[in-house]
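The values are calculated or read from the model by the stated rules, or taken from the named source; none is laboratory data. Remember, predicted model here, so these are calculated numbers, not experimental data. Don't worry about glycine lacking a Cβ; one is built from the backbone with ideal geometry, like all the others, and counts go over all protein chains shown.
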Amino acid sequence: MSQLKINGLTKKYYNKTALSDVTLNFEQGKIYGLLGPNGSGKTTLMKVVAGLHKQTSGNVLINDEELSYKTKAYISYMPTENYMYASFKVVDILKFFKDMYEDFRYDYAVALLNDINVNIDYKVSNLSSGQIGKLKTAIALSRDAEIYMLDEPLNGVDVLSRDTIMDIITKSYSENKIIIISTHLVSEIEKILDTVIFLKDGVVELFGDAEELRQTRGLSVEGLYKEVFKNA
Amino acid sequence: MEFNNNIPIYLQVIERIKQDIVSGKLKPGEKMPSSREYSNELGINFNTVARVYKELEMEEIVFTKRGLGTFITESDKQIEELRYTMAKNRITSFIEGMKQLGYTKKDMIKFIETENNYTEGNE
Amino acid sequence: MLNLIKYEFIRKYKLIAVTIITAIALNIFLITRGVGGSATFLVLFPIVLFVLYLTDIIKMYSDDLNNKTGYMLFMTPNSGYKIISSKLLTAVLEGFALLFLYFIFTLINGAYIVVSTGAQIDYSQIIRVVDNLLSGSLGFSLSHIFISLTATLAFFLAFITTVYTAMTIRKSIFSEIKFGGLLSFIIFLCINWGISVISSRLFDIITPYYDSITNAILSAGRATPEELALILLPMTAFSIIQAIALTGISGYLLEKKINL
């Protein structure tokens, strides 16, 4: 049973408020799209849940547990940056994950990377940005975690790699997992989403079922996105 | 399959399946892919496919055998009805559209005959 | 914890290998210039090695706090206490490894100097030196060396935990403020100032304790291992307590306040 509850989450930085009283409820078996332009607070929200940033106020509950180093075991977070050790070979990165996370499926990762043409004998520093994108997503999804958080998985990635990334995300769906994808590339990703969340200047602007929105508004999620963020 | 993101995706998939049944591309009693397979194949959300099957089941166009999967209805009557409904929907919207253009019933029939002869002649 | 330390070394083994190879190459080059070159190496090597070592152990922590690659470590389900402790243990182990390396180079160059000055290596002489060392008739013994090393280790731990804590404070409490490096250094100075205030008060109190021991040492003209231990004990204990307290603070901040 995977569950993620965010209650009144606020994150203030020295000169600005990145998240303002965000309350969200995530249920298992759904893919969530966290949508908003750059600087809307998507990354901050994910980093707080991943335990890399500390909130100013409010709380986050994962399966009714407060955030701590222990909850990191339930969350597979993919940062948007290339965070992997440049001097490591891909296979060494996989070994690192295997050693650090009990739920890391090493053989699955090797097979998956083979499928998507990422050579595990290459050094991270020798990979193209498309390959880095595929590798990051594949590694995050190779953990048998309860919650997946992918921060801008399509950013800086070529069109063909985008398709591959979308494919492996769709295939990772499971009835008892939560998948959260942040992006500002809405049209590419909207057909795999259950629920969309619009984040504008750190505030939840809209939370709703993607199909419901298409039906009631007669617009694509992207169309709606453009409407909401027109002046952003 | 290309989707129009402005229309609920489950409706588009339903429409497509119905069309394939009526055209005979999907045979009566044929097994459909599982929700997971189908969502991977179409590159869409799993729950969307699950919803498609649920709606089609309510319309008795598909049926589920527990543990075996989802199958196209074996009832010729169902399929015939489906064919009729789909044809009727199209003709209704056709007639409406033509009326808006100022066509009378007679004009329409004449138009259909000449146009149909023309396309058949081309084949 | 073992896993964390393992990867710290995997990440730096190339750097260490390059250092050793460079040292060997440099040593060979200097030796070709004769005994003087070898002596120069013996003087310069420990200084350079120590500077490199300090830089490395500071970078090992600051890189993880300030670069995106730090996510690799901080995403893992390890507590802040575990992470900071593994960094410290890595630093200590690396220190011992480099000390050992220095020892080997000293031995080789020492032997070379002795041989090239024409002297025969007299094994009985070596045995006598070792024997003297063990019996303590040189004025100091292995016990003295061991006690001094233990105290040095404690002082060093206190120093490096202070450096690490300064960096942790800047990435947690002051994570918004720019000029991180400079700020870390200022925090480092502040912590040191605070600790020196506390320690000077404390050591004022125990002056009579020192007086009694120093008097005994002065009258005897040499310190027994026990006396050396006693004289170093307060500082050593203080350093160990300081190291533990600062590790605790760092661990807590990593756990509760960090903004990476």
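Observations on the structure shown:
- Odd one out for A:Asn25, checked against (1) polar (S, T, N, Q); (2) more than 17 Å from the chain's Cα centre (by Cα); (3) part of a strand (DSSP E or B): (2)
- Taken over the range C:171-229, the residue count meeting the criterion of being of a type in the set (D, E, K, R) and either in a helix (DSSP H, G or I) or within 26 Å of the chain's Cα centre (by Cα) (or both) is 6.
- Residue within the range B:96-103 that is closer than 30 Å to B:Leu26 by Cα and either charged (D, E, K, R) or not in a helix (DSSP H, G or I) (or both) present: no
- Looking only at the range C:6-47, and only at residues there that are aliphatic (A, V, I, L, M) and within 30 Å of A:Ile93 (Cβ to Cβ), the one that is nearest to the chain's Cα centre (by Cα): C:Ile16
- Selection status of C:Leu54, touching a residue at least 60 places away in the same chain (Cβ under 8 Å) and part of a helix (DSSP H, G or I): no
- Check on C:Phe41, among the aromatic types (Phe, Trp, Tyr) and in contact with a helix residue (DSSP H, G or I) (Cβ under 7 Å, 6 or more places away or on another chain): yes
- Among the residues examined, A:Val157 does not qualify as in contact (Cβ under 8 Å) with a residue 40 or more places away in the chain, within 17 Å of A:Asn82 (Cβ to Cβ) and either surrounded by 22 or more Cβ atoms within 10 Å (Cβ to Cβ) or over 18 Å from the mean Cα position of the chain (by Cα) (or both).
- Only listed residue being touching a residue at least 60 places away in the same chain (Cβ under 8 Å), within 12 Å of chain C (Cβ to nearest Cβ) and crowded, with 17+ Cβ neighbours inside 10 Å, chosen from A:Ile75, A:Ile93: A:Ile75
- Within the set C:Ile169, C:Ile206, C:Ile186, C:Ile177, the sole residue that is β-branched (Val, Ile, Thr) and surrounded by 15 or more Cβ atoms within 10 Å (Cβ to Cβ) turns out to be C:Ile169.
- Filter result for B:Glu37 (under 21 Å from A:Leu219 (Cβ atoms), assigned to a helix (DSSP H, G or I) and not assigned by TED's automatic domain parsing to the domain that holds B:Arg83): no
- Any helices (runs of 4 or more DSSP H) falling wholly within the range A:129-189 and containing at least 2 residues that are charged (D, E, K, R) and within 11 Å of another protein chain (Cβ to nearest Cβ): A:159-171
- For the range A:194-222, a residue qualifies if it is within 21 Å of A:Asn25 (Cα to Cα), in contact with a Leu (Cβ under 9 Å, 6 or more places away or on another chain) and in a loop (DSSP other than H, G, I, E, B), and exactly one does: A:Gly202.
- Of all the criteria given as (1) of a type outside the set (Phe, Trp, Tyr); (2) out of contact with any Leu (no Cβ under 9 Å at 6 or more places or on another chain); (3) surrounded by 14 or more Cβ atoms within 10 Å (Cβ to Cβ), the one not satisfied by C:Ile191 is (2).
- The test for being surrounded by fewer than 20 Cβ atoms within 10 Å (Cβ to Cβ), away from chain A (no Cβ under 14 Å) and more than 30 Å from A:Ser125 (Cα to Cα) does not hold for C:Leu52.
- The range A:3-53, residues that are within 11 Å of another protein chain (Cβ to nearest Cβ) and free of Cβ contacts under 8 Å to residues at least 60 places away in the same chain: A:Lys12, A:Tyr13, A:Tyr14, A:Asn15, A:Lys16, A:Lys47, A:Val48, A:Gly51, A:Leu52, A:His53
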